[in-house]
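Structure first, commentary second.
What follows is calculated from the coordinates using simple rules that are stated; it is not laboratory data. Since this is a predicted model, take the numbers as computed values, not measurements. A quick note on method: Cβ atoms are made from the backbone with ideal geometry, for glycine too, and the neighbour counts reach across all protein chains shown.
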Amino acid sequence: MKVVFQAFIGSIILHVFYFVSTMIVGSIKTSQYKPGIENAWGQAETLQNEVILGKVISPSVYLLSLVGVALICGIIIFSYKKIFMER
């Protein structure tokens, strides 16, 4: 039972790290963006007239991802304990 708990904690930590790093990268890209206004006039017909702020993903995908990563973490923890702790 301890391995299962450790696996889910590891999965949660990896997911938090992924989401935080995605937000940090997006924030850095947004702050460093400098539009080329002079060049935009020549491509005015290709500019979008809608703004897309993100995409919607079903919560079940996040649940499957959390369980899948927990399974992988559990296999890694179990293998590590089996190989290195039984010497």
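Quick one: what are the phi-derived ³J(HN,Hα) couplings along the stretch 67-75, Karplus 6.51/-1.76/1.60 with θ = phi - 60°, whole Hz, x for glycine and proline?
The phi angles translate into 5, x, 5, 5, 4, 5, 4, x, 5 Hz.
What order, most packed first, do the peptides 26-35, 6-15, 49-58, 75-84 have when packing is the mean number of other Cβ atoms within 10 Å of each residue? Intermediate values should be presented prior to the final figure.
Numbers: 26-35: 8.1, 6-15: 16.1, 49-58: 5.6, 75-84: 11.4.
Per-residue Cβ counts within 10 Å, averaged per peptide and sorted highest first, yield 6-15, 75-84, 26-35, 49-58.
With an 8 Å cut-off on Cα pairs and a minimum separation of 6 or more residues, tell me the relative contact order of the chain in percent. If you can, show how the numbers build up before the last one.
On the way: 27 pairs, mean separation 63.3, N = 87.
The value is 73 percent.
If you stretched the chain out fully between S65 and V25, how much longer would it get, using 0.36 nm times the residue separation minus the C-alpha to C-alpha distance?
Working: separation 40, 0.36 × 40 = 14.40 nm, distance 2.13 nm.
Roughly 12.3 nm would be gained on extension.
With unit charges on the beta carbons (Lys and Arg positive, Asp and Glu negative) and the dipole taken about the Cα centre of the chain, which residue among I76, T22, S58 sits farthest to the positive side?
I76
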